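Each remark here refers to the structure printed beneath this line.
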Amino acid sequence: MSDVKINVNSPVEELTPGGTIYEAGNAKCFTTGDWRSIKPVFLSEKCKQCGLCFPVCPENAIPVGKDLKRKDFNYDYCKGCGVCAKTCPFGAIEMKEEGED
Amino acid sequence: MSIRERLSGNEASAVAMRQINPDVVAAFPITPSTEIPQYFSTFVSNGSVDTEFVAVESEHSAMSACIGAEAAGGRAMTATSSNGLALMWEMIYIASSLRLPIVMPLVNRAISGPLNIHNDHSDAMGIRDSGWIMLFSETNQEAYDNLIMAHRIAEHKDVMLPLAVCQDGFITSHSIENIELIEDDKVKEFVGTYQPEHYLLNKKEPIAVGPMDLQAYLFEHKYQQAEAMRNAKKVILEVAKDFEKLTGRKYGLFEEYKTEDAEMIVVCMNSTAGTTKVVVDELREKGIKAGLLKIRVFRPFPVEEVAKALSHAKAIAILDKADSLNGAGGALFQDVTSAMYVNNIHVPAINYVYGIGGRDTTTKHIESVFDDLAEIVKTNTVTNPYRYLGLKKGGNQ
């Protein structure tokens, strides 16, 4: 993972000319989970570990463990698009309004 | 020994580009700059340059290709005029904001409409706030010399901004003049090789160019551009000093022609300066203290220096070859008068919009300007600061 030190409080002297980013792989520094208005909730008891949900996630926000089983969502990057919920054949992903519990 | 030649302004620009031998030239033809890429493509075909010539389908693509090539780490050039520049407009700002030192001859022509192919500066004035360095050239020689100096200025680490070399369409671009060329090897040595610190084709450093730049950052990046533009003034003078050592030809931010003791000074750019010099000489023979201040560096605008150079005059006339259509005078007039106000110098100043759409401007016209200035000196009053020169209009103007 890259180590971008520039943030919203950086003074002009520390910014790169033209905003050019001199490191690769820094999308990870940008937690797009803030954009989410609806959130997927993982219902593990309904999940059959069929493996259809994680390949369709555009944000790679469904982690898969060494045991090849999917884990709970990574909400730092999940934008709440709902593609996973549509894909799940078992109703194991439920979309809820953000802020609802 | 320099090489004596007879070349048009376009040929001279193309020869300068041959000697610079850029990595990429992407261009689309438009009168009156067409000959520049035309001559240059001949150099490509003859093998006298190593340049990749990209025959694009529009000026928007020409500038886009230059941006890509320059970001990749190459030296990229194009040439255009008038509506070609207008079509580039979106990419003009991308080039300067991404800090890509692209160099472009800009052969000035009126922006349509109505359709006109002849010279005025309305195309150039459209990019005056775009963050491009803008040099203006009185003669073919100056168009050539400015291009030879261009990369050293644009690519300087304290600058990193694109640069346009302006000259008057047809008046200099198509007129053949005696010119002194510098030998190829000397130009190569003077211009040097482009070694950008960061570039896309550097496999050791993957970078992202032109990312999203929202409220937290764009302000600061614009400040950096403004700082780079301020820095350019010093660099332009340093490069001019080296150029003088090479050629003996001296360049500053502007040329002061008989201004030391001048009571009346005309300020203008490009070829009209030549016409004005003739008039200044004639008036001087009659003992009239006339002078000319010819702007070479329009961006960055040399505010303190211009104000100081005009401070001792009793009346000045600023000639704009583009009407800003704003009810407040042309762009050069506004820059000059604002420079003087901020530097606390008050000299009566008038503006003339002249030469629009290639309307001929003769020594008689310039004489009438000095006559008007003499009247202002005598009466110490300015009745109308916003004037026209050579406009066909009934009654008094």
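Taking amide hydrogens as modeled 1.01 Å from N in the peptide plane, which residues meet the under 5 Å criterion relative to B:Tyr388, leaving out close sequence neighbours?
Hits under the 5 Å cutoff: B:Val353.
If the protein assembly as shown were replaced by its equivalent ellipsoid, with semi-axes equal to the square roots of 5 times the Cα gyration tensor eigenvalues, what would those be, largest first, whole Å?
That gives 54, 27, 20 Å for the three semi-axes.
Per residue of segment A:30-44, what does 6.51 cos²θ - 1.76 cosθ + 1.60 with θ = phi - 60° give for ³J(HN,Hα)? Whole Hz please, x for Gly and Pro, Karplus curve as stated.
10, 7, 7, x, 4, 6, 5, 10, 10, 10, x, 10, 8, 9, 5
List the aspartates and glutamates whose alpha-carbon lies under 18 Å from that of A:Lys96, not counting same-chain residues fewer than 8 positions away?
In chain and number order, the partners are A:Asp34, A:Glu45, A:Asp72, A:Asp76.
Might you list the cysteines of the protein assembly as shown that have no disulfide-compatible partner by the rule of another cysteine's Cβ under 4.7 Å?
Here A:Cys29, A:Cys47, A:Cys50, A:Cys57, A:Cys78, A:Cys81, A:Cys88, B:Cys66, B:Cys166, B:Cys268 come out as lacking a disulfide-compatible partner, given the Cβ-Cβ threshold of under 4.7 Å.
Which is farthest toward the positive dipole end of the protein assembly as shown among B:Ser122, B:Leu389, A:Cys47, measuring Cα position about the Cα centre, with Cβ charges +1 (Lys, Arg) and -1 (Asp, Glu)?
Farthest towards the positive pole: A:Cys47.
How high is the relative contact order of chain A, in percent, counting Cα pairs under 8 Å that sit 6 or more residues apart?
Over chain A, the number comes to 32 percent.
What angle do you read, to the nearest 10 degrees and between 0 and 90, between the alpha-carbon axis of helix B:363-379 and the longest principal axis of chain B?
Long axis of B:363-379 versus the principal axis of chain B: about 50 degrees.
Hey, for a label at A:Ser37 modelled as a point 7 Å past Cα toward Cβ, could you say which residues of segment A:64-101 have their backbone N under 16 Å away?
Zone members listed by number: A:79-83, A:95-100.
Roughly how big is segment B:225-321's charge dipole about its Cα centre, with Cβ charges of +1 (Lys, Arg) and -1 (Asp, Glu), in debye to the nearest 20?
With Lys and Arg at +1 and Asp and Glu at -1, about 160 debye.
So what's segment B:1-122 giving for Rg/Rh, alpha carbon basis, Kirkwood Rh from the mean inverse pair distance?
Taking Rh as the inverse mean 1/r over Cα pairs, Rg/Rh reads 0.97.
Which whole-Hz couplings ³J(HN,Hα) result when phi for each residue of segment B:264-279 is put into the Karplus expression 6.51 cos²θ - 1.76 cosθ + 1.60, θ = phi - 60°, listed in order with x for Gly and Pro?
Here the 3J(HN,Hα) series is 10, 10, 9, 10, 7, 9, 6, 5, 4, 4, x, 4, 5, 4, 4, 5 Hz.
Let me have the relative contact order for chain B, percent, based on Cα pairs under 8 Å that are six or more residues apart.
15 percent
Once both axes come from the Cα atoms, what is the angle between helix B:82-97 and the longest principal axis of chain B, in degrees from 0 to 90, rounded to 10?
That helix lies at roughly 60 degrees to the long axis.
Considering the Cα trace of segment B:245-384, what is its radius of gyration and what is Dmax, both in angstroms?
14.4, 48
Once the dipole of chain A is set up with Lys and Arg at +1 and Asp and Glu at -1 on Cβ about the Cα centre, which of A:Ile6, A:Trp35, A:Ala85 lies farthest towards its positive end?
Result: A:Ala85, furthest along the dipole toward the positive end.
With viscosity set to 1.002 mPa s at 20 °C, what whole-number translational diffusion coefficient in µm²/s follows for chain A from Stokes-Einstein and a Kirkwood radius over Cα pairs?
After rounding, the answer is 138 µm²/s.
Counting other C-beta atoms within 10 Å, and keeping those with at most 10, which DSSP coil trypsin sites (Lys or Arg not before Pro) do you find in segment B:237-279?
Listed in order of number, the matching sites are B:Lys250.
Of the trypsin sites (Lys or Arg not before Pro) in segment B:297-343, which ones lie in a loop per DSSP and count no more than 16 other C-beta atoms within 10 Å?
Sparse-neighbourhood loop trypsin sites (Lys or Arg not before Pro): none present.
Helix-only estimate, please: 222 nm mean residue ellipticity of chain A, summing -39500 (n - 2.57) across DSSP H runs of length 4 or more and dividing by its residues, to the nearest 500.
-1500 deg cm²/dmol
If you put +1 on each Lys and Arg Cβ and -1 on each Asp and Glu Cβ, how big is the dipole of segment B:1-127 around its Cα centre, in Debye rounded to 20?
Here the size comes out at about 280 debye.
Provide the per-residue ³J(HN,Hα) series for segment B:350-359, in order, calculated from phi with Karplus coefficients 6.51, -1.76, 1.60 and θ = phi - 60°, each as a whole number of Hz, with x at glycine and proline positions.
10, 10, 10, 8, 9, x, 5, x, x, 4
How big is the shadow of the Cα convex hull of segment B:3-247, averaged over all directions, in nm²?
Spelled out: convex hull of the Cα atoms, projected over all directions, averaged, 13.2 nm².
Mind checking the angle between helix B:9-20 and chain B's longest principal axis? C-alpha axes, 0 to 90 degrees, to the nearest 10.
40 degrees
Highest mean first, what order results for A:92-100, B:27-35, B:11-19 on Cβ atoms within 10 Å?
The densest-packed peptide leads the list: B:11-19, B:27-35, A:92-100.
Test of understanding: in a Gaussian network model of chain A with alpha carbons linked when under 10 Å, which of A:Pro17, A:Pro89, A:Pro40 would top the mean-square fluctuation ranking?
Taking springs between Cα atoms under 10 Å, the residue moving most is A:Pro17.
Which links in B:Lys157/B:Lys233; A:Lys71/B:Lys203; B:Lys294/B:Lys364; B:Lys314/B:Lys393; A:Lys5/A:Lys71 stretch past 25 Å when you go from one Cα to the other?
Pairs exceeding the cut-off: A:Lys71/B:Lys203; B:Lys314/B:Lys393; A:Lys5/A:Lys71.
Treating the beta-carbon of each Lys and Arg as +1 and of each Asp and Glu as -1, no other charges, what is the dipole magnitude of chain B about its Cα centre, to the nearest 20 debye?
That gives a dipole near 580 debye.
Every number here is computed from the coordinates shown, using simple stated rules; none is lab data. Since we're looking at a predicted model, the values are computed, not measured. A quick note on method: Cβ atoms are made from the backbone with ideal geometry, for glycine too, and the neighbour counts reach across all protein chains shown.
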